[in-house]
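Student: Sending over a structure as structure tokens; questions will come in a sec.
Here, each number is a calculation from the coordinates, and none is a lab measurement. These numbers come from a predicted model, not from an experiment. Neighbour counts run over all protein chains shown; Cβ positions are idealised from the backbone, glycine included.
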Amino acid sequence: MTITREDIITYISNKYEVSPEYTFAKFPQYCVFRHVENNKWFALIMNVSKEKIYGKRKNKVDIIDLKVDPELISILKGKKEYFSAYHMNKEHWISVDLSEVRNINELKNLIDDSFTLTKK
């Protein structure tokens with residue numbers, strides 16, 4: 001089963017009752033999810049060149065940036081779908097290649113954790 005950006009947008013929109021914000025004119029496919037109360041981001045979905053992530057291949061891939069407990073980052077980066085955050089603080093954020101995700105529940109848990117970690 002392939003996870004799509006639409007699957008993730010639907011999950012976040014339904015669970016947290018927030019809509020994606022397409023705030024980057026230069027990058028119309030990028031969308032941000034933020035808390036209603038404090039405007040802090042808890043997820044950012046982007047489509048980037050695989051070259052920027054893997055150092056090869058020119059086609060694009062959908063990724064999501066999530067805030068995670070720093071202790072989890074090294075564990076997650078041992079899996080092929082996780083890598084250092086693209087355009088975010090690499091100590092607290094991680095990027096996930098949606099095309100490589102095989103466990104949707106693990107990803108949903110990370111989204112939920114990101115929501116909680118950015119709530120304050």
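Student: Which one of 114, 9, 25 is farthest out on the positive end of the charge dipole of the chain, using unit charges on Cβ (Lys, Arg +1; Asp, Glu -1) and the Cα centre as origin?
Tutor: 25
Student: Given the chain reduced to its alpha-carbon atoms as identical point scatterers, what log10 I(q)/I(0) does the Debye formula return at q = 0.09, 0.10, 0.21, 0.22 Å⁻¹?
Tutor: Scattering profile of the chain, log10 relative to I(0): -0.22, -0.27, -1.31, -1.44.
Student: How many nm is it between the label spots at residue 37 and residue 90, if each spot is 7 Å from the Cα in line with the beta carbon?
Tutor: Distance between the two pseudo-spin positions: 3.3 nm.
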